[in-house]
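To start, the structure itself, in structure tokens.
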Amino acid sequence: MIAPRRFLPSISSLLALEAVDRLGSATAAAEELALTHSAVSRQLKTLQDQIGVTLMRREGKGLALTPTGVDYAASVRDYLQDLARAGLKIRAAGEQSSLNIAVLPAFGTHWLLPRLRQFTADNPDIIINFGTRLSAFDFTREPFDAAIHFGGADWPGVSSLELARERVIPACAPDLVPEDPATPQDLLALPLLHLESRPGAWEDWFARQGCPAGHLRGMLFDQFAQMAEAAALGFGVALLPAFLAEAEFKSGRLRPAIDRYTEVDGAYHMVWPQLRPPSRSLAKLLKWLQSQAGG
């Protein structure tokens, strides 16, 4: 339920507050908003009377926001940005139906996007927007219809569709290892690159090769793309998922350090909130992705 109108300030007064906070003076805000100084002052006075809390004070010949006014301006800025983003999405979609999908950047770039070309060609009435999220979030607080999740089917409150199992391979710059594939034991003598969201990935990989390793240290990254770039520059060996490794091998920037992929625990899932049924557009996408799953 939306609050009564008497509690909802006008957009113009909120714009005036945000501009004064960001620019530091009512004079600068008036210039940006194409208003007079007195018009900005009236907007702020109206807002202050409506809120019932002192938001501004006289400072010399000008106005300055109180600490409460500064805090409120920060909240207002977030609201205005959300409103602008909503308008942008509607304008970008036009008469088309839009879907907002949260993606893991590497999987979205190298697995999902290439496959979506056919879906968008077959469904020109649906436009798909992407946002990057590296971990689970609350669908009630984020404006997404669905998301890509890595791990088990353990995101609470969502339905899920498994898209691909994780297969990994050690990859490095062409001159870091000999032309012949190295052995797992050989890799223990090389610098190993690590991903924040995959703690223990190297230890697990070595164990699966029958070559147990202790706690391994090395450079730490928060995204696969950065780690692959570091590997290409010769910083060490990266444990990359198949969808990214294959693209890097094809480009020649990296080569396999070991001659085989290893399937490990975890999978990529498309997830969507259980609290609301999928829209017609999302249901179409899910049905199509089901035909692509496992590839």
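The values are calculated or read from the model by the stated rules, or taken from the named source; none is laboratory data. Nothing here was measured: the structure is a model prediction, and the numbers come from that model. As a convention, Cβ positions derive from the backbone with ideal geometry for all residues, glycine included, and neighbour counts pool all protein chains shown.
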Out of all the residues in region 10-38, which are exposed (fewer than 15 other Cβ atoms within 10 Å of the Cβ), aliphatic (A, V, I, L, M) and not in a loop (DSSP other than H, G, I, E, B)? ILE11
Within region 124-165, track down each residue that is among the acidic types (Asp, Glu) and within 20 Å of the chain's Cα centre (by Cα). ASP138, GLU142, ASP145, ASP154, GLU162
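Let's see how each residue does on (1) of a type outside the set (S, T, N, Q); (2) at pLDDT 90 or above; (3) more than 26 Å from GLN209 (Cβ to Cβ); (4) not in a strand (DSSP E or B):
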site	(1), (2), (3), (4)
ARG141	yes, no, yes, yes
ALA182	yes, no, no, yes
GLN185	no, yes, no, yes
LEU193	yes, yes, no, no
I'm checking my understanding of the structure. Among residues of region 267-282 that are out of contact with any helix residue (DSSP H, G or I) (no Cβ under 7 Å at 6 or more places or on another chain) and assigned to a strand (DSSP E or B), which one is surrounded by the most Cβ atoms within 10 Å (Cβ to Cβ)? HIS269
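Conditions tested, residue by residue: (1) farther than 17 Å from ARG77 by Cα; (2) in contact (Cβ under 8 Å) with a residue 12 or more places away in the chain.
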{"position": "PRO9", "(1), (2)": "no, yes"}
{"position": "SER12", "(1), (2)": "no, yes"}
{"position": "ASP21", "(1), (2)": "no, yes"}
{"position": "LEU33", "(1), (2)": "no, yes"}
{"position": "SER41", "(1), (2)": "yes, yes"}
{"position": "ASP49", "(1), (2)": "yes, no"}
Hey, among the residues in region 80-105 that are under 19 Å from the mean Cα position of the chain (by Cα) and assigned to a strand (DSSP E or B), which one's modelled with the lowest pLDDT? SER98
Check on LEU134, assigned to a loop (DSSP other than H, G, I, E, B) and surrounded by fewer than 17 Cβ atoms within 10 Å (Cβ to Cβ): yes
With criteria (1) of a type in the set (A, V, I, L, M, F, W, C); (2) modelled with pLDDT of 95 or more; (3) farther than 18 Å from TRP111 by Cα, LEU239 comes up short on (3)
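Residue-wise test of (1) more than 25 Å from GLY157 (Cβ to Cβ); (2) in contact (Cβ under 8 Å) with a residue 60 or more places away in the chain; (3) of a type in the set (Val, Ile, Thr); (4) not in a helix (DSSP H, G or I).
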position	(1), (2), (3), (4)
ARG217	yes, no, no, yes
LEU240	yes, yes, no, yes
ASP265	no, yes, no, yes
LYS284	no, yes, no, no
Among the candidates GLU162, GLU196, GLU248, GLU263, which residue alone is of a type in the set (Asp, Glu) and surrounded by 19 or more Cβ atoms within 10 Å (Cβ to Cβ)? GLU248
